Amino acid sequence: MKKILFTLLLITMAFSQFDNTINGWVNGAYYVPDGIVYSEGVIVVDEGTLAAESLSEVDFVTHANWDVTNDFDDTGGNAAFIWSANQTSTLTQIQANLAVAGVGSRWYKFTYTLAVTTAFDGDAAATITTSFALSAVSLEIVTAGTYTIYFKSAVTPTDFVISLVSGTDTEGTISYDDVTLKEITGGDIDVQGLYTGGGSGGIKVLSNGNVGIGTVTPLSKLNVKTVDTYSGTDWKNDGKTLRITADTLPILEFYSEDGNDALFLAAILNGNNDMDFTFNYQYAGASVIELMRLDGVTGNLGIGTAAPVNLLNVDGAYNFFADSSSVNDSWGFSTTGLEVLTTGMSIYVQIAVANTDGATLQINALGAKAVNKLHDQALITGDVEVNQILHLVYDGTAFQMLSQLAQ
């Protein structure tokens, strides 16, 4: 019977704030002091693994990072409260002064020591406010001792504020000391078979739906961050593919956090289900630069042009290299480019416009060199025709025409 009752409670209770000083259901969560919380099929294991301290000046020996109002005083080595009037008093560490800024929608562990000199005789109440917590979190003000509470942070936590409100009191003197606030980063959450790791190497699922692998603060729907080599898809199996889709424009992006620049590939729908494949670059929020495009209909490849009309279209300057080890030179493309013309190198050039006088040829920025018929004879009108292919050799001063091929 007890087991059945526990199962029913497990299904019907909601996960909420809990206190590790007791064993049982507290505010909708069943807590066991050994470090396990049960609720609606949720199991939190080993929440004792914590991040670095979030607060500065936790013992109030110094208090430059704390701000107080009304009846709070942080100058005596603690955060003392001495009642003087029925009002709201606050003890605040603004976001900029926190040792570690708050992380949204995460569970936190807060420990503090309370000393009571004069008991309150009215309705005084102390809470951690919703500037940091998802909902106001009650703090002890009656019985001296050291307390630990657990609470969930706001979606966007900012300042850490303890507020003490008094409405009917006539006296009350207490102090808070040795405060510590740490995010719970350890353990796993098993939710109906979904495992969410608590540490930086686990899986994070935020309330906005962002999923992080290797990061506790995923900035997108899926944020994978690692310095390790990883794999997970057997590309040799044709039945397995990586499919990236979007509502309007599917993009695969490679992003550098250090340089704020990105190289991304995009498949662009150009009509009738034809897709062009583009290589693009973007830096620091500047306009996207298209580097190269593969036409989805013709198969033409364009560099510097979005409308390639040939199998390879290069719009702009590009470089050559030459093997000048022999007179029979070979030509190709190079990242370094041709830096000097060497005697004996030869090239083929197709004529676009018939000459009307002498002609010159310039390769890269090496200067315009005369194009001559053999024996240094300058060209005259009509020597070359449109679409003819000329075989030229460089003699150290000019290009000499060895032959003219038919159009």
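The values are calculated or read from the model by the stated rules, or taken from the named source; none is laboratory data. Owing to the predicted nature of the structure, the values given are computational and were not obtained by experimental measurement. Cβ coordinates were reconstructed from backbone atoms using ideal geometry, including for glycine residues, and neighbour counts include every protein chain displayed.
Hey, any hits in segment 88-95 for a residue that's β-branched (Val, Ile, Thr), modelled with pLDDT under 95 and either within 22 Å of Ala154 (Cα to Cα) or touching a Gly at 6+ places or on another chain (Cβ under 9 Å) (or both)? Before you say what the answer is, go through the steps one by one.
Let us first name the residues in segment 88-95 that are β-branched (Val, Ile, Thr), namely 88, 90, 92, 94.
Checking the rest, the ones that are also modelled with pLDDT under 95 come to none.
For segment 88-95, residues β-branched (Val, Ile, Thr), modelled with pLDDT under 95 and either within 22 Å of Ala154 (Cα to Cα) or touching a Gly at 6+ places or on another chain (Cβ under 9 Å) (or both): absent.
Out of curiosity, is Ala378 modelled with pLDDT of 85 or more, outside the structural domain of Phe279 (by TED's automatic domain parsing) and in contact with an Asp or Glu (Cβ under 8 Å, 6 or more places away or on another chain)?
So Ala378 fails the test.
I'd like the residue in segment 108-141 that is touching a residue at least 60 places away in the same chain (Cβ under 8 Å), buried (at least 18 other Cβ atoms within 10 Å of the Cβ) and over 16 Å from Thr173 (Cα atoms) and, out of all such residues, is nearest to the chain's Cα centre (by Cα). Step by step, filter segment 108-141, then rank; the result is Tyr108.
Scanning segment 195-215 turns up one or more residues that are outside any loop (DSSP other than H, G, I, E, B), modelled with pLDDT under 65 and over 18 Å from Lys152 (Cβ atoms).
Residues checked against (1) at pLDDT 80 or above; (2) surrounded by 12 or more Cβ atoms within 10 Å (Cβ to Cβ); (3) more than 37 Å from the chain's Cα centre (by Cα); (4) at positive phi:
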site	(1), (2), (3), (4)
Leu269	no, yes, no, no
Asn280	no, yes, no, no
Ala284	no, no, no, yes
Glu290	yes, yes, no, no
Leu301	yes, yes, no, no
Thr305	yes, yes, no, no
Asp315	no, yes, no, no
Phe321	no, yes, yes, no
